[in-house]
Amino acid sequence: MNKTGGRATFKGINYQALASISLFLQNVGYSSFKYIAFEQEKLKDFDLVFENKKIISESKSLKVTHRLLKEILDGLIKNNRVEEKDEVLVICTRVSSNLKTDLEYYKYFDESLKRLKKSSFSKEHIQLLERVKFWEIDSEVNKLVIESLFAQILGIWIPDSYFNDMLSNILLKNVYYQSEKGGKFTKEEFLSLIEQRKNEIKNDSVYYSQVDSHLVKIENVLNSVKDPNSKSWIINKELSALTASPTLYFLAIKRLDEAIQLNLRQWDKLWRAAAKGSLSLQVFNIFKKNIDNDENQDYLITLLPDILRNIVNLYREEFVVVDSARICQSVLSRTRKYDNQIFGILKQLYDRKISDFFYIKQRSNSDEWEKEEISKVLKELYLNTDNEVLKKQIAHFIFDAFNLSIEEGEFWHESPGELFEILKVYALEGENIEERLLYLSKMFSEQYAKYYKKFGKGLGFEGWEHMGSDRDKHLVTNVITPALEEYYYNNKDEAWRFITDKLISQREKQVSKSKPDFLNRAVINIVFKEYTDGSNKIEAFNILKNFIYMKRGIPLKRELVYRAIASSDLPAENKWNLVKIQLDDPIYKGLPAGGYVKQIVTELANEGFVDALNTLKAWSKNPKYYEYSGSLEHNLNSTVSDLLKSEKTQNAGIEILEDFIHSDSFKNKMDLWSVWKLANILKDAIKLDPEKGISILNSIWNQEELTEKEQVLITSTMNDLEKDDPLIKTVYEGTLTEWLTECEDNIELILKRFPSVGSRISIVQFGEKLARIGDYAAAVRIAKIFIKDPDPSNHNAKDDPEGKQNYHKLVEQGEDVNQITTVRGYVCWLLQSIAVLKGRGYVPDVISLVEFLVDDPNYYVRAYSCVPLQQLSVVRHTILPSDSQTRFLDIKDAEKIEQIAFKMLREKENWKLRQVMVGLVHVFANIRAITAEEAMEVLNIFKNIKDDKVIDEAASLYIFFAEFRSNAVNAKNPERIFGAKRYKEIKNFNEADFKKLLEDLLRTSATDVKTSFAWHFWKLPKEGNIDYEKTFNISLKYLSILIEKYDHEVFNRVYYFIDENLDKKPTECLALWKECIKLEKKYLTKHFAQDKLVEMHWWPYHYNGKILLRIAELQGEKEFLEWLGELSDYPEGVTIANDLNIVIDRLKTVSVSSQSKTIFEKIVAYHPDYFEKMKEWVSRNDVS
């Protein structure tokens, strides 16, 4: 927008009004947003009201402190305005840094909480803080935000003066009017006013008035794009009207995109309108396609700065930025003529976007992508320009515009890598590389000093960094180091003299702002290289030694030196000599100061270096080792793991491990997470030496009382054995079986030894592994013991007073609890793994245990009891694969399984438990050989509990009993399978009532249930083991019922069914499709509106064109035209087919008649791309 006009529009508007308008515009695109409500006179505050919440907004045109925030919260508490889902938004120019800190950390640090309480924040205030958010925004910036948002929503180009008038009349007047009377301004009112103004603009046009027919307007556009001097592009109101007609506007831009060798300057007014709107991507594509022309290059270099000053297409802003950069890149590749102007454009592209100031941030943060693309062009400019002055300007710009001092590690945050590459080239390009490097060092030091000022007066830069990580800064790794290395490899003697004289500080007191520590770090690789094979070995060694002795620096030079050694191929003796420098330093007392020293010593030990191995053993016996450097877990686990990998050091590794397990460091220092990792190491030791490993486990068990860590270690070690590992049985027999016997298989005694729930879970999980290797007796033993375990409880745990992890309560509330983190829950899975072919002899035990579990007072366990019950239901009537005359289970056991299932189903307490009922659906999916009375009871229970999720899961059962059950009991020797008595009861089955029940469900169920049934019928004919003819007819019958009432999701599945069966069953599928089209058209005609465009425009089948061609092929031209006519009557904006082009090609072969011409005109009205095809078609044989 014209900034002068914008300022004039907002003259005199107060801070609160700007905040309300801006937030209204930011939220108007959300479907849940309803209106803005003004609570007090003079816009003291306002609410943004949504369907299920409100955002209570307070505006303060000043800095918000503890005191001011408390005053705001006082008012909210006094008036009791904040409801459960509401938010509180404070709009202000700034939030004090102390308040920001306290609000961020008060939950975690007592100091912040104390400061809040000192500022008189009560318990009520503090509870409200979770709802409080801030938006820091300056008035002048907010004005630009409003202009940009309003232009985005308006979506059309209009002159600045008219734009300002609309903004004033639609927004400003309504906001002030409603605020004065404490009223509200709705989203619908706003959008209606916008639409009204857009229609006025269109009706004021000569060429694009709404009274003209679509075809006239299309022809006007097509004629105009041939003539850059057309009034459409010159007269403001005509251009505005065109941009207010999206279809015509897109057609114009598309035709220009297809044009060859445009003179861009001739269309200047159109580009300036379109480049800032919704078609900016298409416009920039036109720019890129026409950039070869010298005149166009000159025009674009002039145009881009103007466009970038006034971007309003906020949701494509990043693409405009990147496309602008790429246009500059294309010009750069062709000419040096515009280097200075391109640098100016690139600087403009780096500027902060207006959308950065929004309260509502966009989901995808494209800043990094944009900066990276701009920086690529800046690098290309620098590398290719021959303008030395410009190169210096670019280097200075990088230091002025970016904080290079914060970048470190693998990724970048604010300054892309290309900027550092430019500075590296800058260092190497000058006649005096040493001067350039010292200049860069000076500039980097100044950046540090500037950055540290943000943190207070006491923090400066005197050569030492105050913050960072173990990864060095990019200014070192990407600029100074590579530049120095190139200098060194080309001029070793000169570079070495420069490094030792000008850069290195070998004592901490020598480090200064002019000789900063980052220069020491930058030369480490060169010094190491000189020590390895240079001519200054002794000097290099001493430099490395002094770096190792330095205790100051971020990152520590010592660690960087040892990192270089660890990755080098130095002889072992040389590595050891360098390691000894640190180990012999009295301050470290022979212990490693960092991970790289430990890594080097461990690797040397694995190579058989005796001093290194002895050093590792000494460390492991020193309690300080586990707390001195790095985490205890890392020091021990990584050391032992490395030792176990080598035959030479395996025994030493196990010895160190055993010593540690019995040390105070394990008992008192190691955290549980580390214990789990340690268990994996102990498992590896068991695999190498089972006898010794089992001995270690038993030595822990024999403690008088097991700590939680010891419980976790011994049970997790066993459970860490891979499934099917032959050592599972060995470990069981050497440990767990004896432990259980010692506890008399009594859960009460076991609880005293293993109070840790996680440890008992590990034992049950280990039982599953025993079952997998065929030790079913051991698995059943574990199940019988732990089925009586008290976990899970029905009550809330002490650390979960609200019951968020109370699975019993969650199941009772209808939640799906999919986590298996309880003892009895795992027992259910253990039982399932026993009820298999090889566990046949133990299935009666499983049946008894499952019968116990289905009545478990804990609803969560009861739900999971369906897991083994489902497995039992699968195998109950099977026969042995090796003997077809022998049942897998005794007939009485099979009957018992069904009795358990029916008992659980008939228990009314279960009917209110969704997860239990869904589990029972899965059980009865395998219990189908039942009587009609039993089947109807099952289906009616599922239906009558009125839970859509249960019916959804049971859909296949309803279909089975309605269509397939009567012929399903057809096994050979059915009396042997089911028993003579039972077979007589189940062999005859009347499906009539089940068909009626299914039809009733299809007509009365909710959308999700209907969609599920539609999915099943879509898939049914594809099941290869069932007769296609039968299944197709079944699906067709029931899908015809499902489409009696339009439902998009249902119709979507029906269309897939039609598409996949069209070749085999064309007559039936086309009839079904026609019925769908009639119902769909009727529904869309009634319910489709522009505010539902995004939601509904894609609902028709994507490939209706394919269907229409089959109609033409099989049923003739008359039917083709009739049904194409039906589709052409769909509401404007609905996509009737994604493959419409093939329909148009077929339509062009039809004789021109009043019917065919009317259809073609209707299609062209919504798809003007086809206008020329229609015109050419009509011209062959016109019928007026």
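Nothing in this text is a laboratory measurement; each read-out follows from the coordinates by a stated rule. What you see is a predicted model, and the numbers here were worked out from it, not measured in a lab. All Cβ positions, even for glycine, are placed from backbone atoms using ideal geometry, and neighbour counts span all protein chains on display.
Structural descriptor for the range 3-203: relative contact order 29 percent, calculated from alpha carbon pairs under 8 angstrom and at least 6 residues apart.
The relative contact order of the range 430-565 comes to 27 percent, based on Cα pairs under 8 Å that sit 6 or more residues apart.
May I ask you to derive the FRET efficiency for residue 93 and residue 268 from their Cβ-Cβ distance with R0 = 45 Å, giving the value to the nearest 0.05? Mind showing how you got there, number by number?
Values: r = 40 Å, r/R0 = 0.88.
FRET efficiency, residue 93 to residue 268: 0.70.
Relative protection proxy for 802-813, 416-427, from highest mean packing down: 416-427, 802-813 (other beta-carbon atoms within 10 angstrom).
Ranked for footprinting exposure by Cβ neighbours inside 10 Å, fewest first, 87, 147 give 87, 147.
Arranged by the count of other C-beta atoms within 10 angstrom, fewest first, what order do 739, 619 take? Please report the intermediate quantities before stating the final value.
Values: 739 17, 619 23.
The order, fewest Cβ neighbours first, is 739, 619.
Which of the residue pairs 217/1074; 996/1106; 1065/1148; 114/453 have a Cα-Cα distance greater than 31 Å in the structure shown? Display every interim value, and only then the final one.
Details: 217/1074 33 Å; 996/1106 35 Å; 1065/1148 28 Å; 114/453 27 Å.
Violating the 31 Å limit, Cα to Cα: 217/1074; 996/1106.
Each label was represented as a point 7 Å from its Cα along the Cα-to-Cβ direction; for residue 126 and residue 390 these points are 6.2 nm apart. Here's the picture: charge each Lys and Arg Cβ at +1 and each Asp and Glu Cβ at -1 in the range 3-203, and of 57, 174, 27 the one pushed furthest to the positive end of that dipole is 57. Taken one residue at a time, the phi angles of the range 1026-1037 give Karplus couplings (6.51, -1.76, 1.60, θ = phi - 60°) of 10, 4, 4, 4, 5, 5, 4, 5, 4, 4, 4, 4 Hz. Gly and Pro are set to x.
Relative to the current alpha-carbon distance between residue 1000 and residue 162, full extension at 0.36 nm per residue lengthens the span by 295.7 nm.
The HN-Hα couplings worked out from phi for the range 990-1007 by the Karplus form 6.51 cos²θ - 1.76 cosθ + 1.60 (θ = phi - 60°) are 8, 8, 4, 5, 6, 5, 5, 4, 5, 4, 4, 4, 5, 8, 10, 6, 6, 4 Hz, whole numbers, x standing for Gly and Pro. Calculated FRET efficiency, residue 1142 and residue 177, Cβ-Cβ r, R0 45 Å, to nearest 0.05? According to the calculation, E is roughly 0.25. Amide H to amide H distances under 5 Å link residue 132 with 88, where only residues 5 or more positions off or on other chains count and H is placed in the peptide plane. Can you find, among 1041, 1028, 304, the residue farthest towards the positive end of the dipole of the chain? Put +1 on the C-beta of Lys and Arg, -1 on that of Asp and Glu. Comparing the listed Cα positions along the dipole, 304 ranks first. What relative contact order, as a whole-number percentage, does the chain give when Cα pairs under 8 Å and 6 or more residues apart are counted? Computed value for the chain: 4 percent relative contact order. By other beta-carbon atoms within 10 Å, ranking 1003, 1053, 840 with the fewest at the front produces 1003, 840, 1053.
Hey, can you rank 97-110, 688-701, 841-854, 470-483 by average C-beta count inside 10 Å, highest first?
Values: 97-110: 14.1, 688-701: 16.6, 841-854: 19.6, 470-483: 21.1.
Those peptides, ordered most packed to least, come out 470-483, 841-854, 688-701, 97-110.
The list (1) 1.09; (2) 1.02; (3) 1.28 gives values of Rg/Rh (Cα atoms, Kirkwood Rh), and only one came from this structure; which label was calculated from it? Matching the structure shown: (2).
May I ask you to compute the full-extension gain from residue 347 to residue 793, defined as 0.36 nm times their residue separation minus their alpha-carbon distance, rounded to one decimal in nm? Could the numbers behind the result be given before it?
Numbers: separation 446, 0.36 × 446 = 160.56 nm, distance 6.42 nm.
Full-extension gain reported as 154.1 nm.
With each label modelled as a point 7 angstrom along the Cα→C-beta vector, the residue 334-residue 567 pair spans 4.4 nm.
Taking θ as phi - 60° and the Karplus parameters 6.51, -1.76 and 1.60, the scalar couplings of the range 333-347 work out to 6, 10, 7, 9, 4, 10, 4, 5, 5, 5, 4, x, 5, 5, 4 Hz in sequence order, x denoting glycine and proline.
Given N residues in the range 1055-1184, what is Rg(Cα) / (2.2 N^0.38 Å)?
On the way: Rg = 14.7 Å, N = 130, 2.2 N^0.38 = 14.0 Å.
Against the empirical 2.2 N^0.38 Å value, I get 1.05 for the range 1055-1184.
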